[in-house]
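Heads up, the thing below is written out as structure tokens.
The values are calculated or read from the model by the stated rules, or taken from the named source; none is laboratory data. Only a predicted model underlies this, so the values are computations on that prediction, with no experimental measurement involved. Cβ placement follows ideal geometry from the backbone for every residue including glycine, while neighbour counts extend to all protein chains displayed. Just so you know, the surface numbers come from the protein's heavy atoms only, side chains and all, with ligands and any DNA or RNA stripped out. Shrake-Rupley method; radii C 1.70, N 1.55, O 1.52, S 1.80 Å.
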Protein chains: 2
Amino acid sequence: MCAKNSQETTQPSEELLCPIRYLLNIFSGKWKLPIVCMLSGETPLRYSTIKRRLGDITNVMLAQSLKELEAAGIVHREQYNEVPPRVEYRLTEKGKSILPTLGQLAEWAIGAMQNETTCGVLCTKCQSTT
Amino acid sequence: MCAKNSQETTQPSEELLCPIRYLLNIFSGKWKLPIVCMLSGETPLRYSTIKRRLGDITNVMLAQSLKELEAAGIVHREQYNEVPPRVEYRLTEKGKSILPTLGQLAEWAIGAMQNETTCGVLCTKCQSTT
DNA sequence: CTGTATCCTTGAGGATACTG
DNA sequence: CAGTATCCTCAAGGATACAG
């Protein structure tokens, strides 16, 4: 049922939760979806790369969003103990599994926008190796 | 491109906007998606019916959400000049056109939740004629 | 019944500085 | 380079009362 979202933040997994609301919980906020879209390419991306391509996200929001996506099992974090430190992010299998549907959403949006943009499905420009 | 969302609220249609961000603009907020999901049935729903089924939404949020969805061309508002007043809401063709994708999203979510709920795809319980 | 008007609280998100 | 720590702003959202 769509109604009656869980109030408690402790154990929402026990609650009867609408799938749509479950989705909203995972991908809530301003940056989660753009980040997933940006990681949809084959090659893992570094923290700084993601930050640069998103353009106007702060460290706080990026680190927090990545952490939450990781906790949700959408994103994998790989840390290399080098100097300077290097951390790469990529989608997990679970994360990748939503890409086709995300692509459909993007196609719908493009159709709804009714005018051409320079942005392809799933933000292919975001995956460009700049 | 995913980056550089438009700052101006006046004419965002001119901006190069990522489809995903376009989507986020349309369905932003806590209630838009649950409302669309609730209107996915065949029969139009009255204001009070939507309010009752969502359970914990206020008049302000419901009226505002419906108005924005109407402005986005997702929802159609039909007003009958009766006493007491009666207003029915239903999805437009554009609104209906996103249902299949929404259904896929819901299926993904159900798979991701990994445990059974009483909620079917697209919140079928929300459509029950209570 | 279908909303508006008003006021208020909360937290998402941003700015800046700093650290391992 | 990859984040934390802190503080702050602003708008989304809620509560309550009232109107057509």
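Points worth noting:
- Net charge of neighbours whose Cβ lies under 13 Å from the Cβ of A:GLY29, counting Lys and Arg as +1 and Asp and Glu as -1: +4
- Beyond 19 Å in Cα-Cα separation lie the following of the pairs B:LYS32/B:LYS94; A:LYS51/A:LYS94; B:LYS32/B:LYS67; A:LYS32/A:LYS94; A:LYS32/A:LYS67; A:LYS30/B:LYS30: A:LYS51/A:LYS94.
- Per-selection Kirkwood Rh - the range B:45-101 (Cα, Å, 1 d.p.): 12.1 Å
- Whole-angstrom gap from the range A:46-106 to the range B:22-47, using each part's C-alpha centre: 29 Å
- Taken residue by residue and averaged, Cβ atoms of other chains lying within 10 Å of the Cβ of B:28-37 number 3.
- With K and R counted +1 and D and E -1, the other residues having a Cβ less than 14 Å from that of A:LEU102 yield a net charge of +2.
- The listed residues B:TYR22, B:TYR89, once ranked by accessible area (1.4 Å probe) with the largest placed first, stand as B:TYR22, B:TYR89.
- The heavy atoms of A:THR49 present about 20 square angstrom of accessible area, all protein chains included, probe 1.4 Å.
- Test item: A:48-54 mean partner chain Cβ contacts at 10 Å: 1
- Near A:PRO85: Cβ cut-off under 14 Å, other residues only, Lys/Arg at +1 and Asp/Glu at -1. The net charge is 0.
- Computed with a 1.4 Å probe on the full set of protein chains, the accessible area for A:ILE110 sits at about 60 Å².
- Annotation: B:ARG46 carries an accessible surface of approximately 90 Å², with a 1.4 Å probe and no ligand, DNA or RNA atoms counted.
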